[in-house]
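Here the structure comes first, spelled out in structure tokens, and everything after it is commentary.
The values are calculated or read from the model by the stated rules, or taken from the named source; none is laboratory data. Because the structure is a prediction, the values reported are computed rather than measured. Cβ sites come from the backbone with ideal geometry, for glycine too, and all protein chains shown count toward neighbours.
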Amino acid sequence: MNGFAFLWLWVAGVTASYFNPILPVFHPDPSCIYVESTFFCVTSTFTWFPGVPVYASKDLRRWELVSSVLNRREQLPQFADAPTGQDGLFASTIRYHNGTFYVTTTYVSIASYKDFVMENLIFSTNDPYNASSWGIPTKVDFVGYDPSLLFDDNGTVYFTGAAALSTGTAIALATIDVESGSLGPVSYLWNGTGLGTAEGPHLYKKDDYYYILVAEGGTKENHRGSIARSLAVGGPYESDPANPIVIAEHRNSSYFQTVGHADLFQDEDTGLWWGVALAMRSGPEFFVISDGQRNRVISCLMAG
């Protein structure tokens, strides 16, 4: 599988070109952060082992594989039970707080249509360059997938995920103790613009507003990213009139297709906000996915 995309910088009317993909071939569901002048990015690996690679870059152009989160059998013995390529570790998210890197992810095993198992996990380390420092994950008792964390400036840690309900998915919010994985009461937030299958939620805080970014529209031609904001973490959330903020403009005829499942991160040295998303290269019939899933990086500014 091969493929490429492009990155552009947009700020104060100045543009700059970047080569894409930032991570070629198969690197879906990207999530990135910026810590001490370095960008870190993780992606989904499903049943591949080692799992959940951690990449580091100083400039968003040149990336180095510095470790893999899942690298030893004892970390997740049940990983050997994932029977198909569609199982394994889904939609990892990387975050950082007070010297610790956290990676949240979902282990999925579909032994049969009647046996759908999802385990939400938190891995952590103080040194992402040392593979052995990624320890045994903490389990989170959450029925759903696509977990993500927000460390609020008041000391509260929030957990978001796509809850698996009998009526479909719903974007869930709860406080969490990251050491034990214990969740507080669960509430449900904004579920996108009405296209259905809202998932991949990420919660951010900028100035006085909380922002919730979700993927919606499925994972094919209608895949996109939409955002909403609220002055209160529990909502109500106001949808951005410009939604979707991430989408393949011409769907099947675009060079980049199925663009979505995005994450936002800030370069704290320059103040710039960046976005990263997956994309696929297919064809007008969307039948043969020739180039697999890969990352498309976009830059963005978050208006307060």
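Residue 130 versus (1) loosely packed, with under 13 Cβ neighbours inside 10 Å; (2) in contact (Cβ under 8 Å) with a residue 40 or more places away in the chain; (3) under 23 Å from residue 197 (Cα atoms): which is the lone unmet condition?
The one condition residue 130 does not meet is (3).
Among (1) surrounded by fewer than 24 Cβ atoms within 10 Å (Cβ to Cβ); (2) at pLDDT 95 or above; (3) closer than 27 Å to residue 61 by Cα; (4) not hydroxyl-bearing (Ser, Thr, Tyr), there is one condition residue 266 misses while meeting the rest; what is its number?
The single condition residue 266 does not satisfy is (2).
Among the residues of the stretch 290-300, is there at least one that is touching a Ser or Thr at 6+ places or on another chain (Cβ under 6 Å) and either farther than 22 Å from residue 34 by Cα or at pLDDT 85 or above (or both)? Write out each step before concluding.
First pass over the stretch 290-300, keeping only residues touching a Ser or Thr at 6+ places or on another chain (Cβ under 6 Å): none.
Within the stretch 290-300, not a single residue is touching a Ser or Thr at 6+ places or on another chain (Cβ under 6 Å) and either farther than 22 Å from residue 34 by Cα or at pLDDT 85 or above (or both).
If I filter the stretch 159-181 for residues that are without any contact (Cβ under 8 Å) to a residue 24 or more places away in the chain, in a loop (DSSP other than H, G, I, E, B) and under 20 Å from residue 95 (Cα atoms), do I get at least one hit?
yes
Under the condition of being in a helix (DSSP H, G or I) and of a type in the set (S, T, N, Q), which residue from the stretch 72-111 is surrounded by the fewest Cβ atoms within 10 Å (Cβ to Cβ)? Can you show your working first?
The first filter runs over the stretch 72-111 and keeps only residues in a helix (DSSP H, G or I), leaving 73-75, 77-81.
Keeping just the survivors that are of a type in the set (S, T, N, Q) gives 75, 78.
On the way: 75: 16, 78: 10.
Out of the qualifying residues, it is 78.
Mind telling me which of the residues 152, 141, 177 ends up being touching a Lys or Arg at 6+ places or on another chain (Cβ under 7 Å), surrounded by fewer than 18 Cβ atoms within 10 Å (Cβ to Cβ) and farther than 26 Å from residue 53 by Cβ? Before you say what the answer is, go through the steps one by one.
Numbers: 141 fails: touching a Lys or Arg at 6+ places or on another chain (Cβ under 7 Å); 177 fails: touching a Lys or Arg at 6+ places or on another chain (Cβ under 7 Å).
Exactly one of 152, 141, 177 is touching a Lys or Arg at 6+ places or on another chain (Cβ under 7 Å), surrounded by fewer than 18 Cβ atoms within 10 Å (Cβ to Cβ) and farther than 26 Å from residue 53 by Cβ, namely 152.
Considering only the stretch 90-122, how many residues are among the aliphatic types (A, V, I, L, M) and at pLDDT 95 or above?
Of the residues in that region, 4 qualify.
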